[in-house]
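Just below is one structure, and these are the notes that go with it.
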Amino acid sequence: MHFITFLANGFTVFVFACIVSLLSTIGFMLLVLPGLIILALLFPIPYITIFDDKSVWKSFKEGLRLGKKYYWKLALLIGLAGGMELIFGIVITVQLFNVTDSFMAQVITQIALNIIIYPFIVILITCYILKWRESLHTFDLAK
């Protein structure tokens, strides 16, 4: 049953994430601000897709509305999380270069850092999106 749910929602969320990543990358190449705007506006959509068990395209309107209303908070959360991960990555890389100059060690260390930090970011943003949806009366936690 869970596998069917994953196939139904997981692939569309993956395709949507690829599209958003491409658009954000183009926005970051043009200037940092357009990429951040695109990323923060579209960031809640996959969360709403999973919460409501709807397709990405059916969750687009509500996700965009949530992204607009809480744009600055989302941009700040994404920026702080990315900044913290960047600082941790630089510190760890510098320390690792003191031990070895192996590129593979650097790659494995960065992958491990992402595996450690990413779940905390997802949990934090999930909690905020649930709280924001409840305050907008678009989601009832009592269900």
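The values are calculated or read from the model by the stated rules, or taken from the named source; none is laboratory data. Keep in mind the model is a prediction, meaning the values are calculated, not measured. All Cβ positions, glycine included, derive from the backbone under ideal geometry; neighbour counts span all protein chains shown. Each accessible area value is taken on the protein alone, full model and side chains, heavy atoms only, with ligands, DNA and RNA left out. Shrake-Rupley method; radii C 1.70, N 1.55, O 1.52, S 1.80 Å.
Kindly list the number of the only condition in (1) open to solvent by less than 100 Å² (accessible area, probe 1.4 Å); (2) farther than 21 Å from Ser21 by Cα that fails for Ile78.
All conditions are met except number (2).
What are the residues in segment 33-56 that are hydrophobic (A, V, I, L, M, F, W, C) and either within 13 Å of Ala8 (Cα to Cα) or touching a Cys at 6+ places or on another chain (Cβ under 7 Å) (or both), if any? Walk me through how you get there before you give the answer.
As a first pass, look at segment 33-56 and keep what is hydrophobic (A, V, I, L, M, F, W, C): 33, 36-43, 45, 48, 50-51, 56.
Ile50, Val56, listed by residue number.
I need the full set of residues from segment 69-106 which are of a type in the set (A, V, I, L, M) and more than 30 Å from Leu136 (Cβ to Cβ), in order please.
Quick first cut of segment 69-106, residues of a type in the set (A, V, I, L, M) only: 74-78, 80-81, 84, 86-87, 90-92, 94, 96, 99, 104-105.
Passing the criteria: Leu86, Ile87, Ile90, Val91, Ile92, Val94, Leu96, Val99, Met104, Ala105.
Per-residue answers, yes or no, for (1) under 18 Å from the mean Cα position of the chain (by Cα); (2) modelled with pLDDT under 90; (3) not in a helix (DSSP H, G or I):
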position: Phe60; (1), (2), (3): yes, yes, no
position: Arg65; (1), (2), (3): yes, yes, no
position: Glu85; (1), (2), (3): yes, yes, no
position: Ala105; (1), (2), (3): no, yes, no
position: Ile108; (1), (2), (3): no, no, no
position: Ile116; (1), (2), (3): yes, yes, no
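In the list Thr25, Thr49, Thr12, which residue meets the criterion of being hydroxyl-bearing (Ser, Thr, Tyr) and either in a loop (DSSP other than H, G, I, E, B) or without any contact (Cβ under 8 Å) to a residue 24 or more places away in the chain (or both)?
Values: Thr49 fails: either in a loop (DSSP other than H, G, I, E, B) or without any contact (Cβ under 8 Å) to a residue 24 or more places away in the chain (or both); Thr12 fails: either in a loop (DSSP other than H, G, I, E, B) or without any contact (Cβ under 8 Å) to a residue 24 or more places away in the chain (or both).
It is Thr25.
Among the residues of segment 1-41, what is the count of those that are among the polar types (S, T, N, Q), open to solvent by less than 50 Å² (accessible area, probe 1.4 Å) and under 20 Å from Ala81 (Cβ atoms)? Outline the logic, then answer.
Of the residues in segment 1-41, the ones among the polar types (S, T, N, Q) are 5, 9, 12, 21, 24-25.
Still in the list and also open to solvent by less than 50 Å² (accessible area, probe 1.4 Å): 9, 12, 24.
Add one more test, that the residue is under 20 Å from Ala81 (Cβ atoms), and what stays is 24.
Here the count works out to 1.
Just to be sure I understand, how many residues within segment 53-75 are open to solvent by less than 100 Å² (accessible area, probe 1.4 Å) and basic (Lys, Arg)?
Residues in segment 53-75 being open to solvent by less than 100 Å² (accessible area, probe 1.4 Å) and basic (Lys, Arg): 1 in total.
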